[in-house]
Amino acid sequence: MIGSIVSYIREFARREWIHKFFFAKTAPLTTPVYSRGFPELTGKTCTHALFCMMACPAPGAIEVIHLEDGGWEPRIHTGHCIRCGLCVEACPNGVLYSGRILESMFYDNTMLSFSFRIDVDTDRCMGCGNCAVACPVNKTIDAQMSHGGRASTDELLLKVSEGKCVVLHPEKCTGCKTCEQHCPNEAIRVARLLEAVHAPEEEL
Amino acid sequence: MSILQSFKNLVRSRSIHVAYVDVGSCNGCDIEVLACLAPRYDIEQYGIYVHNNPREADILLVIGAYTPGWEDKLQGLWEKIPDPKVAIAIGNCPISGCVFNRPHSYVNPPVSKHIPIAAQVPGCPPRPTEILQAVLSLAPEVFKDYERRKR
């Protein structure tokens, strides 16, 4: 009788069971490798393409800083960044990494491509040519362009002809939106189109 | 250090009562706070209890971008919490307004303009482990030797 009670207690009052009951803890939770954290620098050279800032959906989350030694470097602002990873995908040079985004992009053969569409509201445009003069792409093509935005060459991104602004080569646009800022009538609008492209090599 | 004080420290380290208040978020961070209660993260094994009652809370988790409806309410809610107390901003919204902080929107971030915020957990939403780590690392700083420091 007593022996059975003792064996019963010994069966259920095991030391490791009592220890587990009072000091139970789940295993320390570690961040898994596939978790998209805040983007970090890979150490590759940033070429100031600014695609990260264009793709970013959160206001004030990423800035490209001009360093003192002349280089550029993206800065992520925690508290603004929503960890979507679009800047990592958009960067043409692979400056940032976050989780497994770069690896999965490599295996799936995907990339983000930017294109820009320029819309001119002809009812509002008064042909002042501020946009054509301010455009930094125009400056590299024809540095001699005078005020009024009239020019003889047709290689320009946009110019004024017959009193209205005309977009000639929208594929040359870099999406800087300088023309938008210099338009007095809000007649010109630049739309940034972000496309996810699969297998870009096979299409070419 | 008196025996009473060390006893209080011991008890307080395993009894942290948390209230959370959503001042206008998208509910993403609310879900992450609730995920802390679930067995995978299990916030209660560390002695943290979510009661959602400011009268018995030590830590207030503030979630959201501070919509106008909270202008006369959050301050009163903060004053109802007995000392010692801290507020932690959970997610991007109370820090910066995140994606809601656009021109012509009515939100009024950061929340630290309205009540004192002791810690911030950035992320949209933050992981439950990050919330848990913030509560656990802040609690001893605030509650340890509270009566001795107050004198």
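The values are calculated or read from the model by the stated rules, or taken from the named source; none is laboratory data. The structure presented is a predicted model; accordingly, all values stated were derived computationally and were not measured. For neighbour counting, all protein chains shown are included, and Cβ atoms are generated from backbone atoms with ideal geometry for every residue, glycine included. The accessibility values were calculated without ligands, DNA or RNA, using every heavy atom of the protein model including side chains. Shrake-Rupley method; radii C 1.70, N 1.55, O 1.52, S 1.80 Å.
Counting only C-alpha contacts under 8 Å and six or more residues apart, can you give the relative contact order of region B:21-145 as a whole percent? Write out the running numbers ahead of the final one.
Details: 201 pairs, mean separation 35.2, N = 125.
Once normalised by length, the contact order is 28 percent.
Want the number for A:ARG117 to A:VAL6: 0.36 nm per residue separation, take away the alpha-carbon distance, what's left? Can you show the working numbers first?
Numbers: separation 111, 0.36 × 111 = 39.96 nm, distance 8.51 nm.
Working it through step by step, the gained length comes to 31.4 nm.
Within the set of other residues whose C-beta is less than 14 Å from the C-beta of B:ASP22, count the net charge using Lys and Arg as +1 and Asp and Glu as -1.
Details: positive: B:LYS73; negative: B:ASP30, B:GLU32.
Its environment carries a net charge of -1.
Chains A and B: buried accessible surface, both sides, probe 1.4 Å, rounded to 100 Å²? Please list the in-between numbers first.
Working: alone 14200 and 8290 Å², together 21080 Å².
The buried area between A and B, both sides summed, comes to about 1400 Å².
What list of ³J(HN,Hα) values in whole Hz, one per residue of region A:46-58 in order, does the Karplus curve 6.51 cos²θ - 1.76 cosθ + 1.60 (θ = phi - 60°) give from phi, with Gly and Pro shown as x?
Values, residue by residue: 7, 9, 6, 7, 6, 5, 4, 5, 6, 7, 5, x, 9 Hz.
So what's the net charge close to B:VAL135: Lys and Arg +1, Asp and Glu -1, counting the other residues with Cβ under 15 Å from its Cβ? Provide the component values of the computation, followed by the final result.
Values: positive: B:ARG12, B:ARG14, B:LYS85, B:ARG127, B:LYS144; negative: B:GLU32, B:ASP42, B:GLU44, B:ASP58, B:GLU130, B:GLU141.
Net of charged neighbours comes to -1.
Would you please give the FRET efficiency between A:LEU168 and B:SER13, computed as 1/(1 + (r/R0)^6) with r the Cβ-Cβ distance and R0 = 56 Å, to the nearest 0.05? Walk me through the numbers on the way to the answer.
On the way: r = 71 Å, r/R0 = 1.27.
Between A:LEU168 and B:SER13 the formula returns 0.20.
Take the alpha carbon gyration tensor of region B:21-145, find the square roots of its eigenvalues, order them as a ≥ b ≥ c, and report rounded if a/c is under 1.5; if not, report prolate when a/b exceeds b/c, else oblate.
Working: a/c = 1.89, a/b = 1.31, b/c = 1.45.
Cα axes put region B:21-145 in the oblate bin.
Which trypsin sites (Lys or Arg not before Pro) in region B:37-110 pass both tests, a DSSP loop state and at most 11 other beta-carbon atoms within 10 Å?
Values: sites: B:ARG40, B:ARG55, B:LYS73, B:LYS80, B:LYS85; in loops: B:ARG40, B:LYS73, B:LYS85.
Answer by residue number: B:ARG40, B:LYS73.
For the protein assembly as shown, report the % of Cα-Cα distances exceeding 27 Å.
Summing the P(r) tail past 27 Å for the protein assembly as shown gives 64 percent.
Looking at region B:40-140, which chymotrypsin sites (Phe, Trp or Tyr not before Pro) are in a loop (DSSP not H, G, I, E or B) and have at most 13 other Cβ atoms within 10 Å? Display every interim value, and only then the final one.
Details: sites: B:TYR41, B:TYR46, B:TYR49, B:TYR66, B:TRP70, B:TRP78, B:PHE100, B:TYR106; in loops: B:TYR41, B:TYR66, B:TYR106.
In loop regions of region B:40-140 (DSSP not H, G, I, E or B), the sparsely surrounded chymotrypsin sites (Phe, Trp or Tyr not before Pro) are B:TYR106.
Quick one: Karplus J couplings for region A:15-20, per residue in order, coefficients 6.51, -1.76, 1.60, θ = phi - 60°, nearest Hz, x for Gly and Pro?
So the J values, rounded to whole Hz, are 4, 5, 5, 5, 4, 5.
Say a site is exposed when it is one of the chymotrypsin sites (Phe, Trp or Tyr not before Pro), sits in a DSSP loop, and has at most 11 other Cβ atoms within 10 Å; what is then the longest site-free stretch of chain A?
Details: sites that count: A:PHE23, A:TYR34.
With a cap of 11 other Cβ atoms within 10 Å, the longest stretch comes to A:35-204.
Can you compute 3J(HN,Hα) from phi for each residue in region A:78-83, using the Karplus curve 6.51 cos²θ - 1.76 cosθ + 1.60 with θ = phi - 60°, rounded to whole Hz and x for Gly and Pro?
Running phi through 6.51 cos²θ - 1.76 cosθ + 1.60 with θ = phi - 60° gives 5, x, 10, 5, 9, 6 Hz.
If we count GluC sites (Glu not before Pro) as exposed when they sit in a DSSP loop and have at most 13 other beta carbons within 10 Å, what is the longest stretch of chain A that avoids them all?
Values: sites that count: A:GLU68, A:GLU155, A:GLU162, A:GLU186.
Between the exposed loop sites, the longest stretch runs A:69-154.
Roughly speaking, what is the stretch gain from A:LYS177 to A:ALA199, that is 0.36 nm per residue apart minus the C-alpha to C-alpha distance, in nm to one decimal? Mind showing how you got there, number by number?
On the way: separation 22, 0.36 × 22 = 7.92 nm, distance 2.97 nm.
Full extension from A:LYS177 to A:ALA199 adds 4.9 nm.
With a sphere of radius 14 Å drawn around the Cβ of A:ILE141, what net charge do the other residues whose Cβ falls strictly inside it have (Lys, Arg +1; Asp, Glu -1)?
Details: positive: A:LYS139, A:LYS159, A:LYS172; negative: A:ASP142, A:ASP154, A:GLU155, A:GLU171.
Counting the neighbours of A:ILE141, the net charge comes to -1.
Under a 5 Å amide H to amide H cut-off, with H placed in plane at 1.01 Å, what residues pair with B:LEU61 once short-range neighbours are removed?
Close amide H contacts, sequence-distant or interchain: B:ALA19, B:TYR20, B:VAL21, B:ILE88.
Plugging the Kirkwood radius over Cα pairs into Stokes-Einstein for region A:116-192, at a temperature of 37 °C and a viscosity of 0.692 mPa s, what D comes out in µm²/s? Walk me through the numbers on the way to the answer.
Details: Rh = 12.0 Å.
For these conditions, the coefficient is 274 µm²/s.
Could you calculate the FRET efficiency of A:PHE106 with A:ARG75 from 1/(1 + (r/R0)^6), where r is the beta carbon distance between them and R0 is 25 Å, rounded to 0.05? It would help to have the intermediate numbers written out before the result.
On the way: r = 25 Å, r/R0 = 1.01.
Once the sixth-power term is evaluated, E becomes 0.50.
Roughly how many whole Å is it from the C-alpha centroid of region A:82-131 to that of region B:31-88?
Taking the Cα centre of region B:31-88 as reference, the centre of region A:82-131 is 39 Å away.
Please identify the cysteines of chain A that lack any partner cysteine with a Cβ under 4.7 Å from their own Cβ.
That list is A:CYS46, A:CYS56, A:CYS81, A:CYS84, A:CYS91, A:CYS125, A:CYS128, A:CYS135, A:CYS165, A:CYS173, A:CYS176, A:CYS183.
Name all residues of region B:1-38 having a backbone nitrogen under 20 Å from the label point set 7 Å from the Cα of B:TYR146 along its Cα→Cβ direction, giving them as ranges.
Backbone N within reach: B:1-21.
Largest first, please: the extent of the C-alpha atoms of chain A along each principal axis, to the nearest Å.
113, 39, 38
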